[in-house]
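A short worksheet on the structure shown next.
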Amino acid sequence: MSWKHVMQRSWALASDARRRDADLTDASEGSPLGMSTLGFPPRQRRPSVLALALLIAASTSVDVVAGPSALPDHARANRYGSGWDCVNGFGRVEGACVRVAVPANAYLDASGSDWKCNRGYLHVRDACVLVSVPDNAYLDDSYGMTGYGTTGWRCNRDYREVKGACVAIKIPMNAHSDDSSYGAGWECDRGFRPEAGACVGVTVPANGFLTRSGDDWKCERGFRKLNQACAAVELPENAYLDLPGNGWNCERGYRKERSACVVVPLPANAHLDYSGNDWRCDAGFGRRGPTCVVE
């Protein structure tokens, strides 16, 4: 019974109660002392009849709200008690449980409400199609290789997929396979760098060394790159090599001016700052140009 029907029934019960109450009132007017034919004052019976109608309506509404909903075929109440789930082999479709149509060369998945293709088959629309593995390739059913738009296979090492086939990678001199599914498929040996599909030697100048990648060079500490050579870093007085080793900094109390380190001039009531290459005024003084004045 819907809530609309409950409300209609409530109004009908209330109307019947009012009619019965009116009949009792009419009967009481002709009886002694204004008593009803049942021996009770009419005003005392009216609320009890209305209350009975409302009580019946309320009990009906409780039944409607609390009544259990019917489970569809091939369903069971879920473990949380808040709804239902389809049994194994059925899927939920618009409030009903419909049998899962498992195509050939497929099986029900762990959920029991869908299916997957067997190894060696691809999911294409609503069917499982046999994977055609080309020469120099192998079946690959790893994640992402068996879904829509995939091939279900990979090329062997030293081969690349080209228009549905596996073609041998051409590895140039002074190179080796990089065992990757992407890119050129090869890398130059250490001491060589790629250039126009080939590997050319890296020329390391005096006082230089190959970088970790093996396809470039850097200068030793105390030298800096100058064109294709390593030139010595010239240190002025009161200077030292910086952390990378290809430049220099001034000692504390000195600052850079062109290619030299000059003394930092300290005015009265001042001290070197944290860098050691400039100054700050002492507490109670403020910087005004090259001097410190009382604030």
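Give the order of His74, His123 when sorted by the count of other beta carbons within 10 angstrom, beginning with the fewest.
Lowest to highest Cβ neighbour count: His74, His123.
For segment 154-180, list residues with backbone N below 11 Å from a point placed 7 Å from the Cα of Val133 toward its Cβ?
Flagged as within label range: 154-156.
Taking amide H positions as placed 1.01 Å from N in the peptide plane, with prolines and chain starts having none, which residues 5 or more places from Phe223, or on another chain, fall under 5 Å of its amide H?
Residues meeting the criterion, in which the H sits 1.01 Å from N, are Val233.
What is segment 100-168 by shape, rounded, prolate or oblate, if you read a ≥ b ≥ c off the alpha carbon gyration tensor as root eigenvalues and call it rounded for a/c under 1.5, prolate for a/b larger than b/c, and oblate otherwise?
Here segment 100-168 falls in the prolate category.
Please report, in debye to the nearest 20, how large the charge dipole of segment 184-293 is about its Cα centre when each Lys and Arg carries +1 at its beta carbon and each Asp and Glu carries -1 there.
Charge dipole of segment 184-293: 320 debye, to the nearest 20.
Computed from the coordinates by the stated procedures, all read-outs in this text should not be read as laboratory data. In this text, all values refer to a predicted model and were calculated from it rather than measured experimentally. Counting neighbours? That spans all protein chains shown, and the Cβs are built from the backbone with ideal geometry, glycine included.
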